[in-house]
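The values are calculated or read from the model by the stated rules, or taken from the named source; none is laboratory data. Note that this is a predicted model, so its numbers are computed, not measured. All Cβ positions, glycine included, derive from the backbone under ideal geometry; neighbour counts span all protein chains shown. SASA here: full protein model, heavy atoms, side chains in, ligands and nucleic acids out. Shrake-Rupley method; radii C 1.70, N 1.55, O 1.52, S 1.80 Å.
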Amino acid sequence: MPCSTNAPDRRSRLRALALAAALVLAGCTPPPGAPVLALNGARVETRGTGAALLVDCDWRPSAIMLEALDHGVVLGLRLRVSRQRPGLVGWRDAASVERHVELRYFPLTRQYQLRDQEQGSVRAFGVRAAALAALGRYELPLASNAIVAGDGERQRLVVEFDASTLPGALRLPAFVQRLWQHPRAERTWPGSRAG
């Protein structure tokens, strides 16, 4: 005997399905004021005996993060650049370098500073917007040309918020609260024939 469904049951199921889909989509969208981390461009250039990573990054911390920064909390980004070769399954790292960039505020001198943790280089700014804008086009020197991808290889850059720079009391809120959680930004591009 064929099974039939009546129209009211079918409509209620469709409404329930539409409501469930709306809830799932609402959970996927970031809340208003959530931090933004996006890579608009990146490249690795050969320079003498070394190389340089040039990053075009859009980093907009949330209001709660900026308030913490203005109270002396260090905000950091972890950048991992790698040269990858095709493997049996997917790509594998042939060489990689991890770098850390910190943004901090010094209330006594009223300066924001961008610090390359590995090199120890520091750039000072009088206003927070200038420090964040400097990250928009940031250049990190790399010690070796071994990171430069050649023909048949590719470069991969991953940028993440570095919660390890936060004081212990903020690490749990940073793990739980959505206004502290950053999206991870990633970009890949092919190597060049010149290497």
- Message: Given the criteria in contact with a Cys (Cβ under 7 Å, 6 or more places away or on another chain), surrounded by fewer than 18 Cβ atoms within 10 Å (Cβ to Cβ), in contact (Cβ under 8 Å) with a residue 24 or more places away in the chain and not acidic (Asp, Glu), does Gly152 qualify?
- Response: no
- Item | Neighbours by Cβ (under 6 Å, 6+ apart or cross-chain): first from segment 156-182, within 15 Å of Cys57 (Cα to Cα) and open to solvent by less than 30 Å² (accessible area, probe 1.4 Å); second β-branched (Val, Ile, Thr) and not in a helix (DSSP H, G or I) | Leu157/Val81
- Message: Please count how many residues of segment 37-63 are surrounded by fewer than 15 Cβ atoms within 10 Å (Cβ to Cβ), outside any strand (DSSP E or B) and touching a residue at least 40 places away in the same chain (Cβ under 8 Å).
- Response: 2
- Note on the structure: From the option list Leu114, Leu140, Leu132, single residue qualifying as assigned to a strand (DSSP E or B) and in contact (Cβ under 8 Å) with a residue 40 or more places away in the chain is Leu140
- Leading residue by the ranking (farthest from Ser62 (Cα to Cα)) among those in segment 76-89 that are more than 22 Å from the chain's Cα centre (by Cα) and open to solvent by 50 Å² or more (accessible area, probe 1.4 Å): Leu88
- Do we have Val101 as touching a Leu at 6+ places or on another chain (Cβ under 7 Å), open to solvent by less than 40 Å² (accessible area, probe 1.4 Å), at pLDDT 90 or above and under 20 Å from Ala52 (Cα atoms) here? yes
- Message: Just to be sure I understand the filter: pairs with C-beta atoms under 9 Å, separated by 6 or more residues or on different chains, first member in segment 75-104 and over 14 Å from Arg156 (Cα atoms), second member in a strand (DSSP E or B) and β-branched (Val, Ile, Thr). Which pairs pass?
- Response: Gly76/Val101; Leu77/Val101; Leu77/Val159
- Report yes if Ala94 is over 16 Å from His182 (Cβ atoms) and either among the hydroxyl-bearing types (Ser, Thr, Tyr) or out of contact with any strand residue (DSSP E or B) (no Cβ under 7 Å at 6 or more places or on another chain) (or both), otherwise no. no
- Task: Give just the number: which of (1) among the polar types (S, T, N, Q); (2) closer than 17 Å to Leu75 by Cα; (3) in contact with a strand residue (DSSP E or B) (Cβ under 6 Å, 6 or more places away or on another chain) does Thr188 not satisfy?
- Result: (2)
- So Gly126, is it of a type in the set (Gly, Ala, Ser), open to solvent by 30 Å² or more (accessible area, probe 1.4 Å), over 15 Å from the mean Cα position of the chain (by Cα) and at positive phi: no
